[in-house]
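Q: Below is one structure. I have some questions about it.
The values are calculated or read from the model by the stated rules, or taken from the named source; none is laboratory data. Keep in mind that what you see is a predicted model, and the values were worked out from it rather than measured. Neighbour counts are summed over all protein chains in view; Cβ atoms, including those assigned to glycine, are modelled from backbone coordinates with ideal geometry.
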Amino acid sequence: MPRYNPATIEPKWQRYWEEHRTFAAPRLPKGEKLYVLDMFPYPSGNGLHVGHPEGQTATDITCRYQRMRGRCVLHPMGWDAFGLPAEQHAIRTGTPPRTTTQKNIDTFRRQEKMLGFSYDWDRELSTTDVNYFRWTQWIFLQLFDTWFDEAQQRGRPIAELPVPDDVRAAGESAVRRYQDEHRLAYQLEAPVNWCPELGTVLANEEVIGGLSERGGHPVVRIPLRQWMLRITAYADRLENDLAQVDWPESIKALQRNWIGRSVGAEVDFFIGSAADVGPNGKPAPAAFKAWRTERAAKGFPRTAGADVLRVFTTRPDTLYGATYMVIAPEHPFVERLTRPEQSAAVRAYCEQAARKSDLDRTELSKEKTGVFSGSYAANPANNRPVPIWVADYVLATYGTGAIMAVPAHDTRDFEFAKKFELPIVPVVDPGSSADIPRDEVLAGTTVYTGAGVAINSSSYDGTSTAEFKERITTALSQQGFGRRAVNYKLRDWLFSRQHFWGEPFPILHELDTDGHPTGAIRAVEESQLPVDLPEMPHFKPHGRPEPPLDEAPRDWLYPVIDGKRFKRETNTMPQWAGSCWYYLRFLDPKNQQAFIDSEIERAWMPVDLYIGGAEHAVLHLLYARFWHKLLFDRGLVSTAEPFRKLVNQGMILGEDGGKMSKARGNVVNPDDVVAEYGADALRLYEMFMGPLEATKPWSMEGVNGVRGFLDRVWRLITNERSETLELNAAVQPAELTGEQARVLHRTIRDVTGDIEKLSLNTAIAKMMEFTNFFTKETVRPREAMEKFVLVLSPFAPHLSEELWQVLGHGKTLAHEPWPTFDETAIKEDTIEVPVQINGKLRSRVTVPADASAAAIESAARAEPRVQELLAGKTIAKVIVPPNGRLINFIVRSEAPLVITSRDFQRAAEQRFTTAEFLLEHDRTLDALYLAGYAVECTLKALVMYLTPPATMNETFERLKSSAKMHYPEHLKEELKNLDCLLPIDLVKRLRRFEWSTNLRYESGRRPAGEVRGYLKTAAATIEWAKGEMQ
RNA sequence: GGCCGAGUGGCGGAAUAGGCAGACGCUCGGGACUUAAAAUCCCGUGGGGAGUAAUCCCCGUGCGGGUUCGAUUCCCGCCUCGGCCACCA
């Protein structure tokens, strides 16, 4: 009694694939290559999550399909295994992170294999393998050895960096320092986010609202020496090259947003030296004049001197409206600019700001705070002195850390100016428009941030905002006061972490004879790589920002090279490092000579399809692209972009519709699902849930549903009643009937198209339709069954392999050619064409598939029901769309309206309303006309009545005269009968009636069939209205 | 506050170069088989209405407008939900 039993079938085929190395990819592609990649998982202690197989099944289906299409497919899997949890586990239990990590990897590998993905397991790698991270270190050395040539917009070897003569003259160590300042990997003493709880420094991206992203612990800012990567140098290319990749627009937008390019101008405001400032804190006019003259002669300096406050603005056109300036509390000039009388207030403010966490700054954002420094700068546009304030709404880390404040045209400046009663001078006239209170803008009581026409701007008055920007930027640079400038939100990448469980930096710090660092650093020789992690005696945090590796054994920590003692860099790299290039290592994972063989790289790159979660939409993808561009610039890879096509899978929610989490108790474990329903059912369900990109809730009933489908497929082909595994008797070597062929070929065509579009949920629906059809067939031609099994195989590979074997095949179907379809077999002889009348579906006609528009029309006209509906009507127009999939008759009624006084009389005799009477005698059009007319009259009357100063009598007279103009004589009688004057709550009642019926009817667009429903309402309304009037 | 995305039956979702709304699945209801149950198979399942019936009609894709012979699809204006960023000058 062999029923479908995934518990035996699935391990059997997994073993087969492994033994036969069915999915091993060659060193170099044979034929057309396809590189399909999943974002490799972090092997957490919780094991695989149902979210992982979602994207992985999609890539697996693509791979299995493309293999059968003859593509040479590379599909690898590995582990992003450095990370904090293993280290924290080590601190708690003393278990070395490598041990924990290995155990987790083993669990993940078992689970991945359990799901039957067609990975080439020979290429498995982990970022924590020494053989892997030695090359991560090697790439870091490339970053260390590269500077960015702005002019050429590319990274070049540091040896090619032009060194200014004065630096060269100052000696070798000056040159080295100059080079170190220009490397893509450089050190910086910077305020960093120190999290005492985690014992580490975090990147800005890892801090959310003043708390650590992981664990939610408080974070404080302290200065510390850090490694930085100069990603900002690549900002423009990272943005521009988005144009050449096939990624979702939303992800591109996220990246652009993160890079945050904005175009504007830098402008210098003169502050002068102490000697240039008068007793009131304002620059002395003479000094300012001298400065202006000097600037006109020398131009705008590259770096701002001490005599100016440099600002960045995207609105140089509002320069005349800059009535004050603001500098960040961390700005280097704060102390200098603070006048004695303000120093207590400023110091208190800055101390308070320093204590504030990011969270506080965000939460207090509603209320602006700040303090006057006592000093002034000179506005270069109008030569007026403007006060300089210190406020934390200006960020030290963006632009120059100082702004010119234009309260009339910037919301934040406006709020600030209001609070501190600073002058507000409008310089942009918004012009008259309905939504903008122009008067208030011109009075300075409302902020306006849009474009307009310049005012209060000297000779620029009347200039449009866009033109003004251009002109003033040009003028400023001619005068030496400013220049065009571009700014980015993107900051350089803080690349060091104070963890043990990460890649050590291949960097040595030179020590003097006393064992103190000299400040000089050098790279570890390539030949000395890898720098492995030392055995650590313990993993206890020592509570200082220095990394755990500071406690490493001395022989590791203090190497001696050429008789000189060094100290190793003890920071380690962040988890992002390993994931920045793993897609390259998969191509050549065992190479001991190079990070990748360049022939192999050229042959397989780029990644053709990359699928993973949207949580990596910004950071991982930006970092990886950055590294890739560096490698590209250094001639180490052949493509400018690593990932040609990117797809983000959506999140899978718990059955309760919330995010899966232990706390909610709604986590679904793949092991359980596979044990109960099988891996094929899990795979199929995850694809059937909905579109890949959508967020979808899990449903066990849904899993059960697709399992039912697999059961039906099993019964379709095998004989479940037999003792042994054998074919169902209905499966015979028979010719396909026309309909069978149509179903088969349509299924092949649709599934093929859907896989190409990654529309996998609809692909499965098509296969279900196939199964539903053939289940009813008593003869199931073998050919159809075989082709169907091949089509199903990318989705449910285990079941398909088993059925393929039952169908008599000796080896795996993984490399069988993908079935082709025959368009002529799909074509039906006849098609059913919907017939619309006035846009409403009324009937269908069956016509030959190749029928012309004229043939469709005559067939439609011949249809009895259509004839009935068109009887007595004039066909104004017939529409048949080019594809011939529909016909629409546009008709106008020319049925004469024959409502006579006799009708009214007889209706009254039979105690009907006139409308009811007409309806009773099948004179629906007349009845509708009457009803609509009556309702319209009622409405008109209502409107007139409600319009003062009309009295009831006046209203009635007006109504009658209006009726005289538009309506036939005999209907006026009915109007009189209505005697209409209505109470207010008729409005509600009428609203429910679609009174436009009348108008539409008059224009002939309403089909007669629709009349009855309206009529009832209308008749009832009239009746009710009459009642009201008594 | 900014950017992006989404609103369709009891549920997950189909269908958009504008053309039969609700494919496929779940749920639920009915039936067949069975001593019975499970399993399986068949039928029905957006709401409302008319009819003994075959069948027919009306409404219906978040709300309000618009374009069109025809709008879930396109345009304008809102509402709601979700995601990301958030004082970026």
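Q: So which helices (runs of 4 or more DSSP H) stay within the range A:409-501 end to end and still have 2 or more residues that are in contact with an Asp or Glu (Cβ under 8 Å, 6 or more places away or on another chain)?
A: Details: elements: A:411-420, A:438-443, A:465-479.
Correct list: A:438-443, A:465-479.
Q: Related question: Can you confirm whether A:LYS567 is buried (at least 21 other Cβ atoms within 10 Å of the Cβ), in contact with a Phe, Trp or Tyr (Cβ under 8 Å, 6 or more places away or on another chain), closer than 26 Å to A:GLU525 by Cα and not β-branched (Val, Ile, Thr)? Before you say what the answer is, go through the steps one by one.
A: Details: buried (at least 21 other Cβ atoms within 10 Å of the Cβ): no; in contact with a Phe, Trp or Tyr (Cβ under 8 Å, 6 or more places away or on another chain): yes; closer than 26 Å to A:GLU525 by Cα: yes; not β-branched (Val, Ile, Thr): yes.
Answer is no for this residue.
Q: Any residue at all in the range A:643-652 that's among the hydrophobic types (A, V, I, L, M, F, W, C), more than 11 Å from RNA strand B (Cβ to nearest atom), part of a helix (DSSP H, G or I) and in contact (Cβ under 8 Å) with a residue 40 or more places away in the chain?
A: Step one: list which residues in the range A:643-652 are among the hydrophobic types (A, V, I, L, M, F, W, C), which gives A:643, A:646-647, A:651-652.
Filter once more, so that each one left must be more than 11 Å from RNA strand B (Cβ to nearest atom): A:643, A:646-647.
Cutting the leftovers down to part of a helix (DSSP H, G or I) gives us none.
Within the range A:643-652 (the criterion being among the hydrophobic types (A, V, I, L, M, F, W, C), more than 11 Å from RNA strand B (Cβ to nearest atom), part of a helix (DSSP H, G or I) and in contact (Cβ under 8 Å) with a residue 40 or more places away in the chain), the answer is no, since none of the residues qualifies.
Q: Testing A:ASP672 on (1) within 15 Å of RNA strand B (Cβ to nearest atom); (2) within 30 Å of A:SER800 (Cβ to Cβ), one condition comes back false. Which one is that?
A: Only one criterion is unmet by A:ASP672, namely (1).
Q: Could you tell me which of the residues A:ASP392, A:ASP413 is within 15 Å of RNA strand B (Cβ to nearest atom), at pLDDT below 90 and not small (Gly, Ala, Ser)? Walk me through it before giving the result.
A: Numbers: A:ASP413 fails: at pLDDT below 90.
When all the criteria are applied, what remains is A:ASP392.
Q: Can you run down the residue pairs with Cβ atoms below 6 Å, 6 or more apart or on separate chains, where the first is in the range A:154-183 and aliphatic (A, V, I, L, M) and the partner is surrounded by 11 or more Cβ atoms within 10 Å (Cβ to Cβ) and assigned to a loop (DSSP other than H, G, I, E, B)?
A: Here the result reads A:ILE158/A:ASP145; A:VAL175/A:VAL163, each pair linking the range A:154-183 to a residue that is surrounded by 11 or more Cβ atoms within 10 Å (Cβ to Cβ) and assigned to a loop (DSSP other than H, G, I, E, B).
Q: Of the residues in the range A:866-886, how many are more than 9 Å from RNA strand B (Cβ to nearest atom) and either of a type in the set (Asp, Glu) or out of contact with any helix residue (DSSP H, G or I) (no Cβ under 6 Å at 6 or more places or on another chain) (or both)?
A: Just the residues of the range A:866-886 that are more than 9 Å from RNA strand B (Cβ to nearest atom), to begin with: A:866-868, A:870-875, A:878, A:884.
Checking which are either of a type in the set (Asp, Glu) or out of contact with any helix residue (DSSP H, G or I) (no Cβ under 6 Å at 6 or more places or on another chain) (or both) leaves us with A:867-868, A:870-875, A:884.
Here the count works out to 9.
Q: Taking A:LEU494 as the residue in question, decide whether it is crowded, with 16+ Cβ neighbours inside 10 Å, at pLDDT below 90 and within 16 Å of RNA strand B (Cβ to nearest atom). Let's see the steps before the verdict.
A: On the way: crowded, with 16+ Cβ neighbours inside 10 Å: yes; at pLDDT below 90: yes; within 16 Å of RNA strand B (Cβ to nearest atom): yes.
Against the criterion (crowded, with 16+ Cβ neighbours inside 10 Å, at pLDDT below 90 and within 16 Å of RNA strand B (Cβ to nearest atom)), A:LEU494 qualifies.
Q: Looking only at the range A:708-759, filter to residues that are of a type in the set (Gly, Ala, Ser) and closer than 28 Å to A:ARG71 by Cβ; which one of those is farthest from the chain's Cα centre (by Cα)? Steps first, answer last, please.
A: Start the filter on the range A:708-759 by keeping residues that are of a type in the set (Gly, Ala, Ser), which leaves A:708, A:722, A:729-730, A:734, A:738, A:741, A:753, A:759.
Right, trim to closer than 28 Å to A:ARG71 by Cβ and you get A:741, A:753, A:759.
Details: A:ALA741: 42, A:GLY753: 25, A:SER759: 18 Å.
This residue is A:ALA741.
Residue-by-condition table, conditions (1) surrounded by fewer than 19 Cβ atoms within 10 Å (Cβ to Cβ); (2) farther than 30 Å from A:ARG183 by Cα:
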{"site": "A:SER598", "(1), (2)": "yes, no"}
{"site": "A:LEU609", "(1), (2)": "no, yes"}
{"site": "A:GLY612", "(1), (2)": "no, yes"}
{"site": "A:ASP633", "(1), (2)": "no, no"}
{"site": "A:MET651", "(1), (2)": "yes, yes"}
{"site": "A:GLY665", "(1), (2)": "yes, yes"}
{"site": "A:ARG683", "(1), (2)": "no, yes"}
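Q: Shifting gears a bit: Given the conditions (1) within 13 Å of RNA strand B (Cβ to nearest atom); (2) within 25 Å of A:ARG746 (Cβ to Cβ); (3) buried (at least 17 other Cβ atoms within 10 Å of the Cβ); (4) not hydroxyl-bearing (Ser, Thr, Tyr), and given that A:GLU863 satisfies all but one, which numbered condition is not satisfied?
A: That leaves (2) as the condition not met.
Q: Tell me yes or no: at least one residue of the range A:720-727 is near RNA strand B (Cβ under 10 Å from one of its atoms) and over 20 Å from A:ASN666 (Cβ atoms). Spell out the reasoning first.
A: First, pick out the residues of the range A:720-727 that are near RNA strand B (Cβ under 10 Å from one of its atoms): A:720.
So of that shortlist, the ones also over 20 Å from A:ASN666 (Cβ atoms) come out as A:720.
Yes - at least one qualifying residue is present in the range A:720-727.
Q: Let me ask something else. Tell me the helices (runs of 4 or more DSSP H) entirely within the range A:101-199 that contain at least 1 residues that are under 30 Å from A:GLY216 (Cα atoms) and at pLDDT 95 or above. Outline the logic, then answer.
A: On the way: elements: A:130-144, A:165-169, A:172-182.
Of the helices (runs of 4 or more DSSP H) lying wholly inside the range A:101-199, those with at least 1 residues that are under 30 Å from A:GLY216 (Cα atoms) and at pLDDT 95 or above span A:130-144.
Q: Same structure again: Inspect the range A:691-698 for any residue being under 29 Å from A:PRO781 (Cβ atoms) and either part of a loop (DSSP other than H, G, I, E, B) or not charged (D, E, K, R) (or both) and give the result as yes or no.
A: Here is the first cut: in the range A:691-698, the ones under 29 Å from A:PRO781 (Cβ atoms) are none.
The answer is no; no qualifying residue exists.
Q: Taking the residues in the range A:270-319 that are within 45 Å of the chain's Cα centre (by Cα) and assigned to a helix (DSSP H, G or I) as candidates, determine which candidate is surrounded by the fewest Cβ atoms within 10 Å (Cβ to Cβ).
A: Ranking the candidates gives A:PRO316 first.
Q: Condition check: touching a Lys or Arg at 6+ places or on another chain (Cβ under 7 Å) and more than 13 Å from RNA strand B (Cβ to nearest atom). Does A:LEU744 satisfy that? Explain how you work it out, then say what you get.
A: On the way: touching a Lys or Arg at 6+ places or on another chain (Cβ under 7 Å): yes; more than 13 Å from RNA strand B (Cβ to nearest atom): yes.
Here the answer is yes, as A:LEU744 does meet what is asked.
Q: Evaluate the range A:752-761: report whether one residue or more is of a type in the set (S, T, N, Q) and either over 26 Å from A:ALA675 (Cα atoms) or out of contact with any helix residue (DSSP H, G or I) (no Cβ under 8 Å at 6 or more places or on another chain) (or both).
A: Here is the first cut: in the range A:752-761, the residues of a type in the set (S, T, N, Q) are A:752, A:759, A:761.
The next check asks that each one be either over 26 Å from A:ALA675 (Cα atoms) or out of contact with any helix residue (DSSP H, G or I) (no Cβ under 8 Å at 6 or more places or on another chain) (or both); those that pass are A:752, A:759.
Scanning the range A:752-761 turns up at least one residue that is of a type in the set (S, T, N, Q) and either over 26 Å from A:ALA675 (Cα atoms) or out of contact with any helix residue (DSSP H, G or I) (no Cβ under 8 Å at 6 or more places or on another chain) (or both).
Q: Are there any pairs with C-beta distances below 6 angstrom linking a residue in the range A:667-690 that is touching a residue at least 40 places away in the same chain (Cβ under 8 Å) and closer than 13 Å to A:ARG707 by Cα to a residue that is of a type in the set (Gly, Ala, Ser) and crowded, with 22+ Cβ neighbours inside 10 Å, with the two at least 6 apart or on different chains, and if so which?
A: These pairs meet every condition: A:ALA679/A:GLY116; A:ASP680/A:ALA796; A:LEU684/A:ALA796.
Q: For A:ARG384, are the conditions met, namely being closer than 16 Å to A:ALA265 by Cβ, modelled with pLDDT of 90 or more, surrounded by fewer than 20 Cβ atoms within 10 Å (Cβ to Cβ) and of a type in the set (D, E, K, R)?
A: Numbers: closer than 16 Å to A:ALA265 by Cβ: no; modelled with pLDDT of 90 or more: yes; surrounded by fewer than 20 Cβ atoms within 10 Å (Cβ to Cβ): yes; of a type in the set (D, E, K, R): yes.
It is false that A:ARG384 is closer than 16 Å to A:ALA265 by Cβ, modelled with pLDDT of 90 or more, surrounded by fewer than 20 Cβ atoms within 10 Å (Cβ to Cβ) and of a type in the set (D, E, K, R).
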